[in-house]
Structures are given as C-alpha cells and as structure tokens.
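Worksheet: one structure, shown below.
The values are calculated or read from the model by the stated rules, or taken from the named source; none is laboratory data. Just so you know, these numbers come straight off a predicted model, no measurement behind them. Neighbour counts run over all protein chains shown; Cβ positions are idealised from the backbone, glycine included. The area values use the complete protein model at the heavy-atom level, side chains included, leaving out ligands, DNA and RNA. Shrake-Rupley method; radii C 1.70, N 1.55, O 1.52, S 1.80 Å.
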Amino acid sequence: MPFTTAEIAKLIGGQVVGDGNAALKSFAPAENARVGDLTFAENEDYFARAEQSAATAIIADKRFSSSKKILIQVPNARVAFAKALALFFPEQKFAAGIHPSAVIAKSAQVDPSAHIGPHCTVGERVKIGARSVLQAGNFIGDDSQLGEDVNLFPNVTIYPRTQIGARVRIHANSVIGSDGYGYVQDGGIHFKVQQIGNTIIGDDVEIGAGCAIDRGALGSTVIGKGTKIDNLVHIAHNVEIGEHCLICGQVGIAGSAKVGNYVVMAGQVGIAGHLKIGNQVTVASKSGVMHNIPDGEKWLGFPAQPDKQAKRIVIATMRLPELVKRVAELEKKLGVNPKQDAE
C-alpha cells in the first residue's frame, strides 16, 4: 500500500524536508528506483547516486540537504531503512489453526492463535506459545517449549527437551538439540557417550538455514537473547553464547566454549573447545582461535592472535620474497654457497 512521505516519517521517527503529501508506492535502491519510490543514503556516495536517481524521496541522515529531492531526515539512515522496508514489505501472515496433515500429541498444548502447517509433528507434552508458526514439515520433540511469536521455517527439526524463547526465528533445515559429538575409545572402538542435556534458545534469537546446534552432554547448550546466527553454523554441545552476538556463516564453535555478550565472529571462524571468549570481542574471518580472548579485543589469523601482532606477522610474511632475494645477493657477494655449507 502507498504511504505519504509524512506518514513514513512519523512511522520511522524522521522529519520531512519538502512535500509531506508526496505518495510513495515502494522502496528501491537508487540504481533501480522509479518515480514513486523511496530510497536511502547513509554516506556521501550513496546520497549523490540517490539525488541522480528517479526516486521521489530519500531517507538520509540530518547532515544531508537537497534541492532536487524530498528528504526524510533521520538520526540513523540504516536503522530507518530497516523500519521502512518492513512497512513496504511486511512479513507473511499465517492464519491460526492446525493443518489436517499435522500430527499433534494429545498431551501437547498448542495455543489457539498458533499456526501448525502441513506435515508437522508435535510430540508429547510440547508447549507452543501464542501466535507461533510451524510453517511446514517441522518436527518438535517431546517436552520441548516454544514461546510466543516463534517462527519455524520449513523442515526445521527440534529435538526433545529444547526450550525456545519468544520471537525466535529459525530458518529452513536447521536442527536444534541434536546429539553432541561425544565418544570414548574402548577396546579399539569409539563408544558413544549419551548426550542427555538440552538446548536453550533465548528471546529474539534468529538462526539461519542449515545450522546445527547440539544439545549438552549433561547440562545445556545456551544461545543468549538477541543473538543472530547466520547460515551453516555449527555450535557444539555445552557451548554458551551470550547476548546480542553476531555469528556469521560457516562458523564452528567446539564443545564447552563460553562466548560473552556482543561478540562478532566473521565467516569461517573456528573456536577450539573449552575456551572463554570475552565480551565485545571481534574475531576476523577464517581465524582459528586456540586461546582465551579477553574482553574487548580484536583477533585474527591462524592461529588467531591480537590484531596488531597478527598484522605485523602478515606484513613480515609479505616481505619474505624480498628478504630471500637480499640474502641470496649477500651470500653471493660473500662467496657463501648454502648447498655446500649444508653438506
């Protein structure tokens, strides 16, 4: 549905500079925008392109001004952008009710406002909160609990005794509460250690597609509230991840690691088992973490080290070809034959 610029400004906490009655039909990036579209700019380059586009209005920080376009000035353009997108492209709504093909245990408690889609299975003593959605093909194991406004995308599997908070989103084909990777060797074979713990997912967590979060061996694997996990992430048994962390694609966290609050792990980071990662830590892409990291530090490399130290090593490594050449020239001047010396 269309909005006026004044309506958008009110809904996203901005102020219109220009015509407040101009109609906005959709949202588009500057390069694809047409008349009637809203776009946004968070820096000078984006703003220049937005001004040259066909867009009717631009969301921008208060430092920007324009004689060509209507502006909706906001304190933070990226936050306002996210809010505006949700207005033009609202989430799919699911009607309350249970699909005839779903299998629901008699002892399960499903809130009347919840949506249980086709081919879902809900186990014994499961509790599903108000307005929660099982889209299709979901399995919820015995004694699990889902809070309010949970959204499980197709084919998500929830193992028994899992606890999921409110407003959690779990994308397709993720598995929550699977067996931890625990074995002991006995008589030359690997003997399985039963994994009898569970998994606890806090409020407002989002988990991407194809993730695996193992349950604890004895206690719980815990994902703190507000944490966002990208696609194809593996979190092993008894890991504890704090609040409001960002875990990017293909990260692997080994068993019993403890991760603080507001931690950022870039793509393909590996965390060894039983480590402690402090609050507000950033780990750069492809880093292999083998040691505890104190609060507030930035680490990178393999094995990962504090960023300044790791950067010095990278710079030194880049100079190796030059250093090898210089050493060879010095050896030649000195009449040194490395092959003969080695013999």
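What to note about this one:
- Spin-label model, Arg125/Glu206: points 7 Å from Cα along the beta carbon direction are separated by 3.4 nm.
- Among 102-114, 249-261, the order from most to least packed when residues are scored by Cβ within 10 Å on average: 249-261, 102-114
- Here the contact order of the stretch 80-168, divided by its residue count and restricted to Cα pairs under 8 Å and six or more residues apart, works out to 20 percent.
- log10 of Debye I(q)/I(0), alpha-carbon scatterers only, for the chain at 0.10 Å⁻¹: -0.81
- A quarter of the convex hull surface defined by the alpha-carbon atoms of the stretch 16-89 gives 4.2 nm² as the mean projection.
- Accessible area per residue for the stretch 173-329, computed on protein heavy atoms with a 1.4 Å probe, is 52 Å².
- Residues of the stretch 40-63 with amide N under 19 Å of a point placed 7 Å along Cα→Cβ from Lys83: 40-43, 57-63
- The stretch 209-235-the stretch 156-175 distance, computed between alpha-carbon centres (Å): 10
- Antiparallel DSSP beta bridges within the chain, percent to nearest 5: 15
- Computed over the chain: relative contact order in percent, which uses C-alpha pairs under 8 Å that are six or more apart: 6
- Cα convex hull of the stretch 224-282, projected area averaged across orientations, nm²: 3.1
- Farthest positive-ward along the chain dipole, Cα basis, beta-carbon charges - from Pro118, Gly36, Asn279: Gly36
- Using a probe radius of 1.4 angstrom, the carbon and sulfur fraction of the accessible surface of the chain is 55%.
- Per-residue [θ]222 nm for the chain (sum of -39500 (n - 2.57) over DSSP H runs n ≥ 4, rounded to 500): -5000 deg cm²/dmol
- Extended-chain gain in nm, criterion 0.36 nm per residue less alpha-carbon gap, Leu330 and Asn231: 30.4 nm
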